Amino acid sequence: MNVIPSPEADRLRHLASQFDAHRGRLPDLANPHRQPDLVLMVRQFVELSELAAETGRQILNAQGRTSREHGGLRLTRFADAAHAAAEAAAHLGGAVEQLAFLSDTRRQRTHPGYQEVRESAVAVIADELVEAQAALDGASTDLHAAASRHAPPLTMANAARARSTGAGMAPQVETILTAATFPPQPVNSAHVTRSR
């Protein structure tokens, strides 16, 4: 199994947390009568597009490094993340387009010629947001799994080192106490065998 060094795993976790943050900022679709805020949606669309670009730049930066410095599939992981960010941004862009149309036709919302079209726009917004959330979910899950599988969190690593250190020190303490407490005795081969 290819092992990702801890700094690399930290980068994967940081990237996953960015996807988590965007997922948490998506409008709540539990209330279909509450229209998402256009300004907030546009800002998130821009930020998601920037995340896709930033992740793409990481691919360019990593391409020149040797494979010994990082685990296998490193470029693939970042490429998948860039694709997911771009996909989520595209779906969010589709929702923004429909929101802009609703904003432009607000005064005509009661006009018979606009009612059906506006209702269709609301349905498209819901579909686009569901797809955006699915893309963010998938990327976050994959990144968290990759980081945890190849490099456990710091707390787990510290606990493992503590158990290893404690187990290694126990025989030394026992040897010191035995030598200081008991005077030399005749050699008993059976006793020696049990001690070992």
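The values are calculated or read from the model by the stated rules, or taken from the named source; none is laboratory data. Predicted model, so just to flag it, every value in this text is computed and none were measured. So basically every Cβ, Gly included, is an ideal-geometry build from the backbone, and we count neighbours across all protein chains shown.
Numerical summary
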| item | result |
| --- | --- |
| Number of the exception - Ala100 against (1) modelled with pLDDT of 95 or more; (2) outside any helix (DSSP H, G or I) | (2) |
| Pairs with Cβ under 6 Å, 6+ apart, first in the stretch 1-19 and within 13 Å of Arg77 (Cα to Cα), second at pLDDT 90 or above | Leu12/Leu143; Leu15/Ala81; Leu15/Leu143; Ala16/Ser140; Ala16/Leu143; Ala16/His144 |
| Selected residue (only one of Glu47, Glu54 is part of a helix (DSSP H, G or I), in contact with a His (Cβ under 8 Å, 6 or more places away or on another chain) and either surrounded by fewer than 12 Cβ atoms within 10 Å (Cβ to Cβ) or in the same structural domain as Thr141 (by TED's automatic domain parsing) (or both)) | Glu47 |
| Selection from the stretch 1-33 of residues that are part of a helix (DSSP H, G or I), surrounded by 10 or more Cβ atoms within 10 Å (Cβ to Cβ) and modelled with pLDDT of 90 or more | Arg13, His14, Leu15, Ala16, Ser17, Gln18, Phe19, Asp20, Ala21, His22, Arg23, Arg25 |
